[in-house]
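Nothing in this text is a laboratory measurement; each read-out follows from the coordinates by a stated rule. Computed from a predicted model, the values in this text were never measured in an experiment. Reconstructed Cβ throughout: ideal geometry from the backbone, glycine too, with neighbour counts over all protein chains shown.
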Amino acid sequence: MLDVMPQGTSGAPASSLPRLAPPYVIFDREHWATLRAETPLALSEAELLALAGVNDPTSLSDVTEVFLPLVRLIELHMAAARSLRHMVDGAFVGQWRATAPYVIAIAGSVAVGKSTFARLLRAVLGQSQNRPRVELVTTDGFLQPTQVLQANGLMERKGFPESYDLRKMLAFLEGLKSGESQLRIPTYSHEAYDVVPGEFQVVDRPDILIFEGLNVLQTANSLVAVASDFFDFTIYLDADTATIEEWYVDRFLKLQRTVFQREASYFHHYKDLTPEAAAKVARDIWRRINLPNLEENIEPTRRRARVVMRKGSDHRVEEIWLRQT
């Protein structure tokens, strides 16, 4: 738990003032919402509903109070990065280079709401003042195929760093930052729980790329470069571990009543479980696989994020930690 110290001018409500807990400035939701300034809202209720996840409710107030201030902050960082690049190109390099896509990484645990958060951020950014072209890529496409994971005894380690094709991931990010066009990423099916042979997502030099996944901020591997070398802005979604476990179980139960009922689903064999049995299976999977991955590989990367979004048990972002160093 951070040791926080209220800061601010006298006479202002302490709950609405940012607090210092080096290296963070911590905002409650109320104060963060005021930082939106004049950033407009251009997302309808219907569009919002279409972006929501299986077990991650959201609302227009989330967009106005959380996402619009975040977009304003990102736009300030983007403007500073462009200004620096132009100065270096003009005063030092002596020639202009093509502008590389601005890459925003989103990390966090399974079931913490990364996918919904990434989709919402893409929608809000895409409707911001300059109408940038925003693409979203998840690291699922870089998972090793099920056949490879099974051959190497890694199915129980799916989602751990060793289950990804890190070389392919880094080659994609390097190509993206180098200005390459028509980059291809394998398509991943959550229903089949596998990459889809012969299907690809094509990324063609967007203005902004959102890169979402479990371990995107991790540094420890045998390669010279790491994914975070290519990121311009980083976000970590956070919540109490016990809360995330409950979200995981709730999501599993919903999927067991819906997607798992399809014969094509990798988890079809769970379709006839009672709610009690399904919850027991979900907790077992969480505690054997997802919890160790969170504790060993994901949570330790939180300190590397520029912004940490802390969620409460109702899925709402309650605190925002802004890293200052």
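Each of residue 201 and residue 46 was given a label point 7 Å from its Cα along the Cα-to-Cβ line. The distance between the two points is 2.6 nm. Toward the positive end of the charge dipole of the stretch 67-146, with +1 on the Cβ of Lys and Arg and -1 on the Cβ of Asp and Glu, the farthest Cα among 105, 146, 69 is that of 69. Scoring 18-28, 58-68, 135-145 by mean Cβ neighbours within 10 Å over their residues and listing the highest first yields 135-145, 58-68, 18-28. 3J(HN,Hα) along the stretch 304-311: 8, 7, 5, 10, 10, 9, 9, 9 Hz, from the Karplus curve 6.51 cos²θ - 1.76 cosθ + 1.60 with θ = phi - 60°, whole Hz, x for Gly and Pro.
Over the residues of the chain, the helix contribution to mean residue ellipticity at 222 nm works out to -9000 deg cm²/dmol, using -39500 (n - 2.57) for each DSSP H run of at least 4.
With 23 Å as the limit on Cα-Cα distance, the pairs of 168/311; 254/280; 177/311; 114/271 that go past it are 168/311; 177/311; 114/271. Between residue 151 and residue 87, the modelled labels are 5.2 nm apart [label points 7 Å from Cα along Cα→Cβ]. Result for the chain in a Gaussian network model with C-alpha springs under 10 Å: among 285, 185, 106, the largest mean-square fluctuation is at 285. Net length available on complete extension from residue 302 to residue 130 is 58.9 nm, with 0.36 nm assigned per residue and the Cα-Cα distance removed.
Within the chain, no helix built from a complete DSSP H run reaches 20 Å or longer along its own axis (Cα positions) while carrying a mean Kyte-Doolittle hydropathy of 1.6 or higher.
Viscosity 1.306 mPa s, temperature 10 °C: Stokes-Einstein D of the stretch 173-325 from its Kirkwood Cα radius, in µm² per second?
87
The charge dipole of the chain, taken about the Cα centre with unit charges on the Cβ atoms of Lys, Arg (+1) and Asp, Glu (-1), comes to about 520 debye, rounded to the nearest 20. Couplings 3J(HN,Hα) of the stretch 153-161, computed from phi: x, 10, 4, 7, 10, 5, x, 6, x Hz, in residue order, whole Hz [Karplus 6.51 cos²θ - 1.76 cosθ + 1.60, θ = phi - 60°; x for Gly and Pro]. For residue 136, the residues whose modelled amide H falls within less than 5 Å of its own, excluding neighbours fewer than 5 places apart on the same chain, are 210. Short-range pairs are left out: with C-alpha atoms under 8 Å and at least six residues apart, the relative contact order of the chain is 23 percent.
Within the chain, all pairs of alpha-carbon atoms sorted by distance into 20 Å bins from zero give the percentages 29, 59, 12, 0. In this structure the amide hydrogen of residue 201, modeled in the peptide plane, comes within under 5 Å of the amide hydrogens of 185, 187, none closer than 5 places in sequence on its chain. In this rough spin-label picture, where each label sits 7 Å from Cα along the Cβ direction, the residue 25-residue 324 distance is 0.8 nm.
Of the GluC sites (Glu not before Pro) found in the stretch 222-274, the ones in coil according to DSSP and having at most 15 other Cβ atoms within 10 Å of their Cβ are 263.
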